[in-house]
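Worksheet: the structure to be examined is printed underneath.
The values are calculated or read from the model by the stated rules, or taken from the named source; none is laboratory data. For clarity, every value in this text was computed on a predicted model and none was experimentally measured. Note that we place each Cβ from the backbone using ideal geometry, even for glycine, and neighbour counts take in every protein chain shown.
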Amino acid sequence: MATTTNFGWTTPDDTDAVINGAAAIRTALNGVDTSLVDLKGGTTGQVLAKASNTDLDFTWAAPGSYTQIASSSMVGVGQVNFNSIPGDYRNLVLVIRDWYTSAAVTLAMTINGVSTSTYCGKTDTITGTTFGTDNYVSTAFIRVHGSTITADRNSQTIIEIDDYATAGNIKRIKGTTVATTAVPDFAMSDWTAFNRANTAAITSITLQVSTGTIVGGTAVLYGVR
Amino acid sequence: MPNPLITNVNVSTGEVEVREMTDAEVAQREKDYEASLASVAPEVEA
């Protein structure tokens, strides 16, 4: 039985009897119907996106939609690594909820496992009514927060990495951490950082503390289309 | 006292590995932190 070149849809052979034409047409169109089923549906404003790397595997999604691509508890660990991050998305968003550490140390983030390069960052902080700015250059990591959190302060950190899958340019990484504190009532840090010596596509993200453990928290990685 | 745990998440496959950090990994994170305490002069374009 003949098939089409690209999709492999079954078509009648030139020598097939015309009397079988109705069945042949039905077979051919059923193949098309099956292949294109993912194109059916959707709602106004949605866009078609790949659901996997498989041919013709599509899904309808809102523009700029978030897809959770990984999640990890941080309870009791010294280090969490998100490795082999696929380059299928436009941007990455890492959300870290309720994290705190056993020792009063920085929650550190390293990109692509590179700890011998140079990270630069600018962090604006608000602690109660006190405002501050911290400019730093660090060989090993980005500071996820401008201060330390050693108890469950209902913290939330959101980190945005735009254009992460493109090689050849420095990646802007932007984050915000908010938390309550014992005294005063709250702390917030808003920061922008980058690795000035690494222009590779981002395929791994590491969260760690220099001593002790991360006592609580969950890290969720989203891909943004 | 055991070393802290390390969690490795393979985002592409979904595989998760949880194990104790090796002595070398513990030493490396402390080394990274010490190195980061040292101020690095920013590069200035000539």
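The one condition from (1) over 29 Å from A:PRO86 (Cβ atoms); (2) of a type outside the set (A, V, I, L, M); (3) surrounded by 13 or more Cβ atoms within 10 Å (Cβ to Cβ) that A:PRO184 does not meet is (3).
Here A:TRP99 qualifies as away from every other protein chain (no Cβ under 11 Å), in a strand (DSSP E or B) and under 28 Å from A:GLY212 (Cβ atoms).
Out of all the residues in the range A:68-94, which are assigned to a strand (DSSP E or B) and either free of Cβ contacts under 8 Å to residues at least 60 places away in the same chain or farther than 25 Å from A:THR211 by Cβ (or both)?
Of all residues in the range A:68-94, those assigned to a strand (DSSP E or B) come to A:68-73, A:77-83, A:91-94.
Correct list: A:GLN68, A:ILE69, A:ALA70, A:SER71, A:ASN91, A:LEU92, A:VAL93.
From A:THR110, A:THR116, A:THR139, A:THR106, grab the single residue that is within 14 Å of chain B (Cβ to nearest Cβ), in contact with a helix residue (DSSP H, G or I) (Cβ under 9 Å, 6 or more places away or on another chain), surrounded by fewer than 15 Cβ atoms within 10 Å (Cβ to Cβ) and farther than 18 Å from A:ILE69 by Cβ. None of the others qualify; the one that does is A:THR116. Among the residues of the range A:56-74, those that are surrounded by 11 or more Cβ atoms within 10 Å (Cβ to Cβ), in contact with a helix residue (DSSP H, G or I) (Cβ under 9 Å, 6 or more places away or on another chain) and on the phi < 0 side of the Ramachandran plot comprise A:PHE58, A:THR59, A:TRP60.
Residues that are under 19 Å from A:SER147 (Cα atoms) and at the interface with chain B (Cβ under 9 Å from one of its Cβ atoms) within the range A:186-218 comprise A:GLN208, A:VAL209, A:SER210, A:THR211, A:GLY212, A:THR213, A:ILE214, listed in sequence order.
Which members of the range A:170-186 meet the condition of being more than 18 Å from the chain's Cα centre (by Cα) and either of a type in the set (Ser, Thr, Tyr) or modelled with pLDDT of 90 or more (or both)? Before the answer, list the steps.
First pass over the range A:170-186, keeping only residues more than 18 Å from the chain's Cα centre (by Cα): A:178-186.
Residues satisfying the conditions are A:VAL178, A:ALA179, A:THR180, A:THR181.
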